[in-house]
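These notes concern the structure reproduced below.
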Amino acid sequence: MKNEILKDIANRFGTPSFVFDGDEFCRQAEKIKSELGGGIELCYSIKANPFLLHALPDCIDRVEVCSPGELSVCMRSEITPQKIIYSGVNKGSEDIARAIAYGADILTAESPLHLELINRAGANANKKVRVILRLTSGNQFGMDAEDIVNIINNRSDYEYADIIGLHYYSGTQKKNAAVIEKDINNFLSFIERLKNECRYIPSHIEYGLGAAVDYFVPPYEEKDDELLREIGALLRDLGIKYSLTVEMGRFLAASCGTYLTSVADIKNNCGNEYVICDGGINHLKYYGQTMAMQVPPVSVLGRSGMEKSYTLCGSLCTTADLLVRKAELPRLDIGDVLSFGRCGAYSVTEGTALFLSRTMPRIIMYSAESGAQLIRDFFDTDKLNY
């Protein structure tokens, strides 16, 4: 997004604020969809950034929700129920019944208990529920292979659960195609086992890609495109074998967000130029909370000229609140606005929002057609801490 547009938004709406670019979200989704080719569904995992539902492109076929709260967000956003895949490790009876009543198209069973609850809720609603079984990659998510084999061998016991296939996701920030290829091969090996041992062929599979996003070393877009090209052939081959949904969150959303924060104070302590911002790590978080040791894309809106080294800090009473330890920026004045790019994924929801009862930032959606629109106003968190 151009700095002139961001400067105007900062003047109109103030800081701290997140600005999410709906046009960029659409461009990224269409680019991915084009690389996948026809026949493969693209799913947006809204845990990456639920606010982007305000600009959900038509080319995104599915949305994945992982909690009752995320389901509520989808309901308020009037997301078509047939688009919804309801996942998440902790689903209770009421949560499942609510998802079924809304018409969520597919539910993920993360455990044998989940499947029992889904089957029971389906019976209560007199509705057969489409289910995919999640295979674990060795952590707390999904089910052990033996549990899935046992379920498939006894699938007739679940009268109201139509077990249409499998779900597999092994983690995020996979940086090259070789890692993803190994991941897919592990998944395919298990599917082959089900064919041989259980005479079961899934009619649908969901694969969580977990493609990496670089936040600190440009060129950013070129790196995204290169990784997408490398993995595109792998996904197209998988889509030839099975009806496939590819789930993405970070890779879809990261480039769509900008965080704006203003300079509140500048001081020299022990030879270091410290900048205190009206935001901080309670709002802005890149992958792994490694911000202070890295330099994300950061600029000063409306300023240029000779650069100076600054340590950028937030408003929290903790030495951990370092945005950038060493940022080379044009000479700053109080009131200048700093722009942090590539923070469209997770940052808006992963920060320590309640610490010190600081105000949560405004959320602005932008598109060339509609301009800038306020989605959420400043929110005073002191009312949540008392």
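The values are calculated or read from the model by the stated rules, or taken from the named source; none is laboratory data. Quick caveat, the model's predicted, so the values are computed rather than measured. Here the Cβ positions follow ideal geometry from the backbone for every residue, glycine too, while neighbour counts run over all protein chains shown. Only protein heavy atoms, including side chains, enter the accessible area calculation; ligands, DNA and RNA are left aside. Shrake-Rupley method; radii C 1.70, N 1.55, O 1.52, S 1.80 Å.
Any chance you could tell me what percent of the C-alpha pair distances in segment 341-386 go past 13 Å? Summing the P(r) tail past 13 Å for segment 341-386 gives 65 percent. Relative to the dominant Cα principal axis of the chain, helix 177-198 is inclined by about 20°. If you count only protein heavy atoms with a 1.4 Å probe, what accessible area per residue comes out for segment 9-74, rounded to a whole Å²? Value for segment 9-74: 32 Å² per residue.
In the chain, helices alone account for a calculated mean residue ellipticity at 222 nm of -9500 deg cm²/dmol, with every DSSP H run of four or more residues adding -39,500 (n - 2.57). Compute log10 of I(q)/I(0) for the chain with the Debye formula, placing one identical point scatterer on every Cα and leaving out solvent, at q = 0.06, 0.08 Å⁻¹, to two decimals. With no solvent term, the Cα-only Debye profile gives -0.26, -0.46. Can you tell me the 0 to 90 degree angle between the C-alpha axis of helix 3-13 and the longest principal axis of the chain, rounded to 10? Tilt relative to the chain: about 90 degrees. As a calculated quantity, the FRET efficiency between Arg193 and Phe216 at R0 = 45 Å, using C-beta atoms, amounts to about 0.65. The length gained by stretching the chain between Leu374 and Tyr386 to full extension, at 0.36 nm per residue less their Cα-Cα distance, is 1.6 nm. Annotation: for a label point projected 7 angstrom from Cα along Cα→Cβ of Glu78, residues of segment 43-68 with backbone N closer than 16 Å are 53-58.
So what's the gap between the Cα centers of segment 326-372 and segment 61-134, to the nearest angstrom? That distance is 33 Å. Compared with the alpha-carbon gap, the fully stretched path from Lys128 to Ala320 is longer by 64.1 nm at 0.36 nm per residue.
Remark: relative contact order (the chain) = 19 percent; criterion is Cα-Cα distance under 8 angstrom and separation of 6 or more residues. Summing Lys and Arg as +1 and Asp and Glu as -1 over all other residues whose Cβ lies under 15 Å from the Cβ of Leu354 gives a net charge of -1. Around the amide H of Ile266, modelled in the peptide plane, lie the amide H atoms of Ile276, all under 5 Å away and 5 or more residues distant in sequence or on another chain.
Principal-axis analysis of the Cα atoms of the chain puts helix 93-102 at an angle of about 90° to the longest axis. Taking a ≥ b ≥ c as the square roots of the Cα gyration tensor eigenvalues, segment 1-109 comes out oblate, since a/c reaches at least 1.5 and a/b does not exceed b/c.
Under 5 Å between amide hydrogens, built in the peptide plane, is the criterion, and for Tyr286 it picks out Met291 among residues at least 5 positions away or on other chains. The label-point distance for Arg12 and Met293, in a model that sets each label 7 Å from Cα toward Cβ, rounds to 4.0 nm.
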